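As structure tokens, the structure follows; a few thoughts come after it.
The values are calculated or read from the model by the stated rules, or taken from the named source; none is laboratory data. Keep in mind it's a predicted model, so treat the numbers as computed, not measured. Cβ atoms come from the backbone with ideal geometry, glycine included; neighbour counts cover every protein chain shown. Each accessible area value is taken on the protein alone, full model and side chains, heavy atoms only, with ligands, DNA and RNA left out. Shrake-Rupley method; radii C 1.70, N 1.55, O 1.52, S 1.80 Å.
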Amino acid sequence: MELKTVGKQNERPSANVRQRTIAILLSAFAALAALVISGLMIDAEDIGINLDMKNQAPSLQHLFGTDWLGRDMLMRTMKGLTLSLSVGILAAFASSIIALSLSLLSAWNKTADNIVTWLIDLFLSVPHIVTLILISFAAGGGFKGVVIGLALTHWPSLARLLRAEVLQLKSAEYVGISERFGKTGWWIGRHHLLPHLIPHLLVGFILLFPHAILHEAAITFLGFGLSTETPAIGIILSESMRYLSTGHWWLAFFPGFSLLLMVIIFDLLGRNIRKLIDPFQGQGR
Amino acid sequence: MGSGKFIKYILGKALKLSTLLVAVSILSFTLVSLSPIDSVQSYIGADMTRVSPDQRANIEEYWGLNDSSIQQFMSWGAAVLQGDLGTSLLYRDSVAGIIAERFAASLVLMSTAWIISGIIGFTLGVVSGMREGSLADRAIKGYCFILASTPAFWLGLLCLILFSVWLGWFPVGLGSPAGILEGDISLLERLRHLFLPALTLSVVGVANVTLHTRQKLLEVLDSEYVRFAMANGEKGFTLFRRHGLRNIAMPAISLHFASFGELFGGAVLAEQVFSYPGLGQAVVEAGLGSDVPLLLGIVLFTALFVFTGNLLADLLYRLVDPRMRRGM
């Protein structure tokens, strides 16, 4: 990607797009920060059982309504989103590290590259959710299994992207010159490949969040994960199914909608950061 | 296309499939044997206290739990090669039979949703690509981005609230009504139970095809031959039919074939929401109920399913697109 330095000049005339992008980024950050802070401030008392207030429809006091034990759904949702967020960070971080290591490994030689490609194909060959169920079972169920599963399964698409980038870089002239000068593969990886991969890695890291969060909700919804006490979005939604036929629509609507909002915020964040740091994507439609 | 080359291609794919299945079975078997869940206990369930240590040892002996995991894998693998996937612990029936029965139900659901989402997705993509920048384009694009962030099962729940609870048009669950024999269920009744899960799955599947089709159409519209056609006065639907349709149909169809994995993932969630008795529900039950033979069987089967989708996409490209034939 030798054109990357040229991209900086392109950014000047489109200052408005840039300002708008930064504005979107800042508001997305603010929304997420607000979520985390409010999630941390909720303690067990706020989501405690309060039988006087059970099955309340949404009102000013309880914006999201209350459930059959009188627990405030807004608080439970916030707590669940914070949980999703932390699981998402863990999963995205682990998967980015795996993707980066594998893509650097594929620069080593043809055999290593074949192994990496084969591994990617192997992981994409089974539906994602089936892999998650399998890993969750292997870890003996429970929340640990869900987290391990999420952390170990989100790398293939990012690894594929980074690998393509590495292969392209490897054929660049300056890498060839470094090789002739007798630089080791390690040196080339550190000085030529890694700096180019960092922006992709950052964007990939953030765009992994939506996937990880949605999968976390899906797998807890299916019943893999902690007991029903834990306010995870998936668990809240699967519990709500028992009360839908009696008309308690708010139990399902608001938690799911909040999850959707959070996923969209992360998606916006990733896309706009990519717009800022990758001139090719910035021009894209 | 020479038949010799075609045979070579098929052989290559068969080799790839067999190595893939071997790898998937080794990996999934390793994962399952790592599990700390006691298989004897999950087999016996609540009656565990009535089983003496002697009986327990007998069961372990009978199942070969005392063998090394490599020996266990070998005996399982040998049985699988002969077409025997073992016996499900939950259903007390042959795994192959359960998979066949459940997959038939899932296949009806998935193929309905697959076809509907393909047609709607393609149409939306074409509309949005032909009118780039218009209100319709922005609406469709926004709709797709929101859809891509929507949890599939939440959408299912919303459909359930809207159509079953509020409007009362559709039943709340189960693939067939309770209390009626399998043979007595009318086709209409089956369709009524199929509708909501299929609707959910179709809506979820639209986003990918639409965005892809739109992107491809924009690329085609940027080309010199389209510019020439426009200079000749062609526009609108005629322009699209003459120059766009054939160029974007293939990528869209092959992308749609290659999305079998996501389709199955969506079906797992939709079946859970609507308690539709398909393969997706079976894999969840197998995972939760520690039914190892069924779990392994379904993992292998889904790998085969996804592979078939990718193979069909690839084959279609090679058979239909004249530019690809030379490469075969």
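If you go through segment B:137-153 one residue at a time, do you hit one that is of a type in the set (D, E, K, R) and at pLDDT below 85? The answer is no; no qualifying residue exists. Selection within segment A:133-146: residues that are surrounded by fewer than 20 Cβ atoms within 10 Å (Cβ to Cβ) and in contact (Cβ under 8 Å) with a residue 40 or more places away in the chain. The member of this set that is nearest to the other protein chains (Cβ to nearest Cβ) is A:G142. Inside segment A:155-172, residues that are under 26 Å from the mean Cα position of the chain (by Cα) and over 26 Å from A:F93 (Cβ atoms) make up a count of 0. Among residues that are out of contact with any Cys (no Cβ under 8 Å at 6 or more places or on another chain), open to solvent by less than 50 Å² (accessible area, probe 1.4 Å), of a type in the set (V, I, T) and modelled with pLDDT under 80, B:I37 is not included. Taken over segment A:173-212, residues that are within 16 Å of the chain's Cα centre (by Cα) and hydrophobic (A, V, I, L, M, F, W, C) amount to 9. Taking every residue in segment B:264-279 that is closer than 20 Å to B:L304 by Cα and open to solvent by less than 10 Å² (accessible area, probe 1.4 Å) and pairing it with any residue that is outside any helix (DSSP H, G or I) and among the small types (G, A, S), at least 6 positions away or on another chain, the pairs with Cβ-Cβ distances below 9 Å are B:A267/B:G278; B:V268/B:G278; B:G278/B:G175.
When A:P199, A:P210 are checked against the criterion of being surrounded by fewer than 21 Cβ atoms within 10 Å (Cβ to Cβ) and over 23 Å from B:I161 (Cα atoms), A:P199 stands alone in meeting it.
Please indicate, with yes or no, whether at least one residue in segment A:247-266 is more than 11 Å from chain B (Cβ to nearest Cβ) and modelled with pLDDT of 85 or more. There is no residue in segment A:247-266 that is more than 11 Å from chain B (Cβ to nearest Cβ) and modelled with pLDDT of 85 or more. Inclusion of B:S25 among residues that are modelled with pLDDT of 75 or more, under 25 Å from A:A138 (Cα atoms), in contact with a strand residue (DSSP E or B) (Cβ under 8 Å, 6 or more places away or on another chain) and surrounded by 12 or more Cβ atoms within 10 Å (Cβ to Cβ) is not warranted. Every test in (1) under 21 Å from A:L222 (Cα atoms); (2) assigned to a helix (DSSP H, G or I); (3) open to solvent by 10 Å² or more (accessible area, probe 1.4 Å); (4) β-branched (V, I, T) is passed by A:T77 save one, and that test is (3). In segment A:197-205, the count of residues that are at the interface with another protein chain (Cβ under 8 Å from one of its Cβ atoms) and not aromatic (F, W, Y) is zero.
For segment A:134-154, give me each residue that is assigned to a helix (DSSP H, G or I) and more than 19 Å from the chain's Cα centre (by Cα). Passing the criteria: A:L134, A:F137, A:A138, A:G142.
Kindly establish whether A:I120 is part of a helix (DSSP H, G or I), within 9 Å of another protein chain (Cβ to nearest Cβ) and open to solvent by less than 10 Å² (accessible area, probe 1.4 Å). In short, no. Scanning for something open to solvent by 40 Å² or more (accessible area, probe 1.4 Å), closer than 29 Å to A:F224 by Cβ and assigned by TED's automatic domain parsing to the domain that holds B:L157, does segment B:313-321 turn up at least one residue? No, segment B:313-321 contains no residue that is open to solvent by 40 Å² or more (accessible area, probe 1.4 Å), closer than 29 Å to A:F224 by Cβ and assigned by TED's automatic domain parsing to the domain that holds B:L157.
Taking segment A:97-117 as the range and being open to solvent by less than 50 Å² (accessible area, probe 1.4 Å) and assigned to a helix (DSSP H, G or I) as the test, the residues that pass are A:I98, A:A99, A:L100, A:L102, A:S103, A:S106, A:A112, A:D113, A:V116, A:T117. Residues in segment A:222-237: is at least one open to solvent by less than 20 Å² (accessible area, probe 1.4 Å) and of a type in the set (D, E)? There is no residue in segment A:222-237 that is open to solvent by less than 20 Å² (accessible area, probe 1.4 Å) and of a type in the set (D, E).
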